[in-house]
Amino acid sequence: MTLQYIHYFANQKIVEVVTIIIPQAAKQVFESIKGIIEGFKNIFKDPKTALGDIGGGIMNIAMSVSQVISAKDQVEESCFFLKDKKPYWMDLTSQIEIIMDMAGTAVKALSEGGKQWAEKIVDATSDPISKFTGGKFTSALVKNQVVQELLSIADEITTPFKRLTGIGGKFFERLTKLIELVMNIKDAYNTIKEGYRFARSIIDRIFGPKSHKDFPRETRLLGGGCKGEGFYPSKLDAGSGVKEYQYNGVDLRINEGEKVVAPFAGIAIRSDRENEVIITNVEKLPKGTEIVITNVYPNSSILHPSDPNYIEQHVAAGDPIGTARRSACKATDHIHFAVKEGEETMDPTRFLEPPFPKLPVWEQKCDDYKLAFMGYTIAADCIVCLKGRKENDTTPELENAEDPGLGSVANEMEPGRDIDHLKSDSNSMYSRLRDSAALPRDTALAADGSKNLGDDLVGGIKTLLNQTAAFLKKFSLRKIKLGSIIEFLDFLHMDESKVKMADVIRTIKDVLDNKPCENPHHMTDDQLVNELSNRGLSSEGSREEQIKRLIKKDGITLELMQDNGYIRGCPQLSLTMPNQGLLYCSFDDLCLGVQCCATVELFEIFALTFRGYIRFDPCQHTLNMGFDKWTKVIDLTALDSGLKDEWKTGVKFNLVGEQELIVRYQIVKKDSQMLATFGAGVCMANDISQCPVFFNLLEDALLPIPVCQADGTIVWPKVNWSDFLSLEKLKNQLKDTGRQVQQVTIKVSVSAALRALGLSEDLLANTPPCPRPENMTEQQLKKKLLERGLSTVGIRQVLDQRYREDDRKCSVLGKNITLPEIAIPSLQKHVYFSIARNCMRFDACLDITIPGINIIKSFLAYVDMDPCNFVLTVAFERWQKKFILIGYNWGREEILPISNQILLSFKIDKDDQQKVFRIDFGVQIPSVPAFNILSNQEIPIPICNENFSLPGAGDIRALAQALNGQLNKEAFNLILKQFGLDKIIGTTKCDLPSVTPVCSKGLNISSVIPRPLEHILRCSLTDNCFGIHCCAEFSFQIPLSLEQLNITIPLAFDFDPCQFSLRIVLGTYKYSEQLLTYEWGKPGTINFGKGDNPPAKIRYSIEKYVDGFILDVDIDICIPLDGKDVCLPPDGLHILDHEKIPLCNLQNIVQISNFSLIAWMDERAHSAAEQLARAGRELLLETLGIKQYLLDHPCDRKRKPYSPSVGGWNNLCPLSFVNLPSLPNAMDCHISEHCTGIDCCVDVDKIGLAFRVYLDIDTCNYRVTGGLEKLNTSISLIDYDWGKKESVTIHRILNLDYSIKKPPNEKKFIVDLQVGACFEKDGSCLLRVPVMTGTEIPQPVCDMSATIQAGNFSFKQWIYSHGIGNLTQGSGSLWTSAINLLAEQIGLDKMPSRFEIASTS
């Protein structure tokens, strides 16, 4: 019975694969292939249906392949394979051969090398084994025994391997074929799938993705118990208590109880809501789309993902997923069909197959006729008669719809038929596996029938049988817990098996509990890697790094900390650990015990490992100790003073005779502490005094004895560590513990030492030993010298001296300084000092002997000067005192008592003429007379420039507090410097120019100074009379102080109306600007000083009026204090208040012929790429003297008559122009209704100027007028030389050029027109635009309604009225032109015959 159950669990997976999964999958693949072939037969007749059948077959094959691959993985897991990897034991023969070869090599090496090792001659008088055993054994004899034992062990190890050759050959061969078959099926499936996807994509592109043909497609209509319709988005509206569906969709008619199929392939899961199925991973639809079908009873195989038996349920389109249930509409059963992507739904109607069309049927309502005339029947008969009523199928024949000739698959090809005889054979492997795997049915329940473990287990087994696939998918032998097996065996009353399994568990536990301890230092490289891997640690790095990582994991440390009166880090134990190099120990959390792994070597032949421990239990007041399996508990309750003993442990060895592990201990107890020694040795069993190896875990370990309270808490006694550590034995041990242990000892005893020196415990700064070169190894010293860029050549004394001299060197302002060496030899061993590289800090390391324990402790004292932050710091360890150097009493000696035994003294003087500090620095320590480390040492004062900060983190009030609550003059001057105001505010009298200029135009000095400022402001005019020099002088009370300060502020403001420039002086700050971009009246601000919000501001504005300019100037100087401004003077300086300055006559200054706009802008530091502002433009125009010719209101291209325009033209002429060009962006032109008037507006962007040009041809008066802004010229066309160039210009800067031609006998003018703006002396222009080039302008009739009174007409008078002058018939061409003009005006030029005009009238 036991073997039957164990066999069941071991073989369940393989049996199910062999007996169920693979045969069933093969049948399913076979049936699917038949369906695919039938689908291909109908592919031309009905491609959509055929592809649906093919797709269903491919989905079934996919599920079958998935099951077979899963089955393969189950077999591999059952055999403990790696995924898709061949296990090493499937080729055992070659593996065994390799092992045997390696074993043979090892045995040969052992035989040859062991023989040489054993036969090595050892002098009998020095043979340790012979001495230890009294001659019974010798080293040679023991070595030979060891070699023979190892050879015997090697033979025992290799013998079983020889029996494994050829094992499992047929099984491995067939298993390999099975896996290859599975992979071939998978490849074939992928080929079919790709072909199907290609065909499916073509159909979907034509028809779109559609649901399976068996999926409902009829939409529920209004009524049937629901007031809402089923069209998207459907509404039930079925009354109170009936909820609408979760997602918008459509309601599809289906009868209750009918099968519901999947509309598309995907993964079917049960929804969180009742009677609802969700299909995910939907084929054909976009990724992330889900289908929700409501009102359906899901199939039992479709489970919710949270169900413990859940496995993915793949469904093909058309696979049943459940049955329809009765709907809320009652009379109209339906399912609800929704398609969603995320939480957004879409109309699913487009995915439904359209309803089958109803084919038209011929219906003959009447089928007879009768023809009658005058009561006589002429003819009567039927129309189509019975023969004509037959239906005629007019459906066109489908071409190329023949059967592809794929044939059919014979049933004999169904897989499994060839092995049916094996299934019926009771002796076949198939039958044996099936029978051995059957679950026993004689399981006994509890006798009383009550629900117990058996009840739960039987229910679990029923669930297992119902959901075998889900169970096997998640089952793993590796996950079975041993305790669960015991419970299962107990439930089945398999007592014998339970006992044997319990023995197995106990054996495993013993193996784990008695795992040999390992010292990392004694481990092999492989053991180190394995141990680190078992503990989840990285095994990378060198051997030393691996050991360090393992030791750190075990928490072994000598670091000492004090917390709440007891010691952490266990220094009282670590200091007393014997330094034998064979122990690997760790301490418990309370430092009351130690556990060690000891590795000892015996006679240089044997290595023995022991695990030992000793721990004090304060609550039981017992001492617990043990070695390997031996344990001992000592009751200390009755122990008054001490106890010493030794025991045999019973742990024996047969190495050279019989040896036994012997334990020895000694305990000395005193009130609140005890002294413990505990160790063990390997001794002769018959004479325990003979112990070649003995070692201690603790040796005179000092242990405070805590008190265990009733609630289990531990209270530690107060320990006087000075007395506790004053034992002579501890002093001797400390000599051998090394630097790290010395640090621990010093920290343990430091409290008492500090009290002895009169120092506070909070004072220490963990100062390391003084960095003397003689305390370094030569290698450490050379490394330090290399880091400093110093030579490492020379003997040790030379290297030490080089290091000390470098510590005393520094450099500041290019000057090298070397401090003098301490001249007194007795002081050299107590003091080591150095100077910082910037010469601003002096460190003195003091070695002070701690009274009572004769230990030297290092302390650090230093002086740190920070002149750029005005702070001096003097310190001893963590004790500090800071001095503010603002207003400091230079040269005063300061005595600073650190304690009653330690004093610091210093004096710092400042020589402003030689720019040096002079420093004295002295120390007084116990047992050493007071001495000066530095005496009158000169250090150059560093130059901080502007790189300084004030004490108090820059806060003025904090600075005042640091200076005893008040600012002094020196501090205030530094504040001014910090804000950059020292360049503005002075304390000496400022002078004004001695010569006062004589000014006919300019400012009036008598009225410039405002009355409120007359008592503090003195001013004079500048040389050009357009500016002022001033000096403000007043008294000012320093903020946060009672002191008064007399200050002066020199300033100047000069506006030059000729150069249009601004110049400002405030203290030593100077500012100038060319105001070419200034906008009249716009306030301007000039900032002076430092910071994000500069403290000094000059605000000005310049207004323009007819005769000149109006100036306003204000000056504010304010310092921020506590969020408010302290201003000097409080109301500011309003130095110019609406002061007027006259215009400058620039025409007398500038020679137009030599003018250059580029040079003019360069002189005023104005970028040629930047447009002039209004003020700059006016300065330019006045400079050139052309402003008087410009219109008061410039033309605007954005307004009428220039806008709107097309190609730059606003053409109102009804006649056509020829060669009318498109204009550039800088110009727009207007053509009047009479066609010969042209008006243009031109922008010169660079100087911000717009000007107007125009040309008007008066065809009535035969005159032409050209104009440029205010200038224009007019000429008569009667005596005009056609084609001659005419010009209108303003100082040859703004130009209009034109010429006009008149073709004979044609009603048109040909015009050339050009506009330019030229500001350079070489004639180059900012703008030159050909407005018209050969443009033909139509010539309209002057006035078609005009009349001439012939009776009163006089040609001579007409000539005078047109400004032609006195002409006679002999005037030549001019006379002819006048006649032609008259003919044009009265329309006679169109007459076919010539005419003459009498000369007399």
Task: Of residues in segment 326-366 being surrounded by 14 or more Cβ atoms within 10 Å (Cβ to Cβ) and either among the polar types (S, T, N, Q) or modelled with pLDDT under 80 (or both), the one farthest from the chain's Cα centre (by Cα) - done: T332
Task: Only one of P825, P867 that is open to solvent by 60 Å² or more (accessible area, probe 1.4 Å) and within 28 Å of P897 (Cβ to Cβ) - done: P825
Task: Test: residue in segment 1069-1077 that is part of a helix (DSSP H, G or I), in contact with a helix residue (DSSP H, G or I) (Cβ under 8 Å, 6 or more places away or on another chain), surrounded by fewer than 19 Cβ atoms within 10 Å (Cβ to Cβ) and in contact (Cβ under 8 Å) with a residue 40 or more places away in the chain - done: yes
Task: Hey, G239 small (G, A, S) and surrounded by fewer than 16 Cβ atoms within 10 Å (Cβ to Cβ) or not - done: yes
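Matching residues to (1) modelled with pLDDT of 90 or more; (2) among the acidic types (D, E); (3) over 58 Å from the mean Cα position of the chain (by Cα); (4) assigned to a loop (DSSP other than H, G, I, E, B):
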residue	(1), (2), (3), (4)
D1192	no, yes, yes, yes
N1210	yes, no, yes, no
S1216	no, no, yes, yes
P1221	yes, no, yes, yes
E1233	no, yes, yes, yes
C1240	yes, no, yes, no
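If I go through segment 1242-1256 residue by residue, how many of them are closer than 23 Å to Q1339 by Cα and either surrounded by fewer than 17 Cβ atoms within 10 Å (Cβ to Cβ) or at pLDDT below 90 (or both)?
0
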Open item on the list: So Y369 ticks every box in (1) exposed (fewer than 10 other Cβ atoms within 10 Å of the Cβ); (2) in contact (Cβ under 8 Å) with a residue 12 or more places away in the chain; (3) of a type outside the set (S, T, N, Q) but one. Which box is left unticked?
Closed with: (1)
Open item on the list: Looking at Y369 and the list (1) within 25 Å of G266 (Cβ to Cβ); (2) at pLDDT 75 or above; (3) out of contact with any Phe, Trp or Tyr (no Cβ under 9 Å at 6 or more places or on another chain), which single condition is not satisfied?
Closed with: (1)
Open item on the list: Six or more apart or on different chains, Cβ atoms under 8 Å: show the pairs whose first residue is in segment 278-299 and farther than 22 Å from E256 by Cβ and buried (at least 22 other Cβ atoms within 10 Å of the Cβ) and whose second is among the polar types (S, T, N, Q) and at pLDDT below 95.
Closed with: V282/T289
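Can you tell me which residues in segment 1052-1068 are open to solvent by 60 Å² or more (accessible area, probe 1.4 Å) and either without any contact (Cβ under 8 Å) to a residue 60 or more places away in the chain or under 51 Å from the mean Cα position of the chain (by Cα) (or both)?
The answer is R1063, T1068.
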Open item on the list: Among the residues of segment 289-298, are any at pLDDT 90 or above, of a type in the set (D, E) and not in a loop (DSSP other than H, G, I, E, B)?
Closed with: yes
TODO: Under 9 Å between Cβ atoms, at least 6 apart or on separate chains: pull out the pairs that start in segment 1207-1233 with a residue that is more than 23 Å from R1328 (Cα to Cα) and among the small types (G, A, S) and end on any residue that is assigned to a strand (DSSP E or B) and at pLDDT below 90.
DONE: S1216/P1338
Task: L1040 touching a helix residue (DSSP H, G or I) at 6+ places or on another chain (Cβ under 8 Å) and modelled with pLDDT under 80 - done: no
Open item on the list: I need the full set of residues from segment 219-264 which are under 51 Å from the mean Cα position of the chain (by Cα), of a type in the set (D, E, K, R) and modelled with pLDDT under 90, in order please.
Closed with: K235, K243, E244
TODO: Any chance you could count how many residues in segment 253-268 are open to solvent by 30 Å² or more (accessible area, probe 1.4 Å) and under 19 Å from H314 (Cβ atoms)?
DONE: 1
Task: A836 touching a residue at least 60 places away in the same chain (Cβ under 8 Å), open to solvent by less than 80 Å² (accessible area, probe 1.4 Å) and not aromatic (F, W, Y) - done: no
Task: Any hit, segment 659-669, residues being touching a strand residue (DSSP E or B) at 6+ places or on another chain (Cβ under 7 Å), of a type in the set (S, T, Y) and open to solvent by 60 Å² or more (accessible area, probe 1.4 Å) - done: no
TODO: Starting from residues that are assigned to a loop (DSSP other than H, G, I, E, B) and open to solvent by 30 Å² or more (accessible area, probe 1.4 Å), keep the ones in segment 1090-1123 and report whichever is farthest from D1137 (Cα to Cα).
DONE: D1122
TODO: Would you check if there is a residue in segment 1032-1041 being outside any strand (DSSP E or B), out of contact with any strand residue (DSSP E or B) (no Cβ under 6 Å at 6 or more places or on another chain) and either in contact (Cβ under 8 Å) with a residue 60 or more places away in the chain or open to solvent by 10 Å² or more (accessible area, probe 1.4 Å) (or both)?
DONE: yes
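When you scan segment 210-236, how many residues do you find that are buried (at least 18 other Cβ atoms within 10 Å of the Cβ), in a loop (DSSP other than H, G, I, E, B) and not hydrophobic (A, V, I, L, M, F, W, C)?
10
For the condition at pLDDT 65 or above and either surrounded by 15 or more Cβ atoms within 10 Å (Cβ to Cβ) or touching a strand residue (DSSP E or B) at 6+ places or on another chain (Cβ under 9 Å) (or both), what is the one hit in E531, E544, E559?
Criteria check complete, one pass: E531.
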TODO: Could you please tell me which pairs satisfy a Cβ distance under 6 Å, a separation of 6+ or placement on different chains, a first residue in segment 663-689 that is farther than 20 Å from V651 by Cβ and modelled with pLDDT under 85, and a second residue that is basic (K, R) and open to solvent by less than 40 Å² (accessible area, probe 1.4 Å)?
DONE: none
- [ ] With the condition kept exactly as written, say whether any residue in segment 568-590 is in a loop (DSSP other than H, G, I, E, B), hydrophobic (A, V, I, L, M, F, W, C), out of contact with any Gly (no Cβ under 9 Å at 6 or more places or on another chain) and at pLDDT 80 or above.
- [x] no
Task: Pair list, Cβ < 6 Å and 6+ apart or interchain, from segment 1180-1202 residues that are aromatic (F, W, Y) to residues that are part of a loop (DSSP other than H, G, I, E, B) and open to solvent by 40 Å² or more (accessible area, probe 1.4 Å) - done: Y1189/K1270
Open item on the list: When you check G794 against the structure, is it at pLDDT 85 or above, among the small types (G, A, S) and either touching a helix residue (DSSP H, G or I) at 6+ places or on another chain (Cβ under 6 Å) or more than 19 Å from S905 (Cβ to Cβ) (or both), yes or no?
Closed with: yes
Open item on the list: I need the full set of residues from segment 931-964 which are at pLDDT 75 or above, open to solvent by 30 Å² or more (accessible area, probe 1.4 Å) and of a type in the set (G, A, S), in order please.
Closed with: S935, A958
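The values are calculated or read from the model by the stated rules, or taken from the named source; none is laboratory data. Note that the coordinates shown come from a computational prediction; the quantities given were computed from them, not determined experimentally. Note that each Cβ is placed from the backbone with ideal geometry, even for glycine, and that neighbours are counted across all protein chains shown. When the accessible area is computed, the model is the full protein with side chains, heavy atoms only, and any ligands, DNA or RNA have been set aside. Shrake-Rupley method; radii C 1.70, N 1.55, O 1.52, S 1.80 Å.
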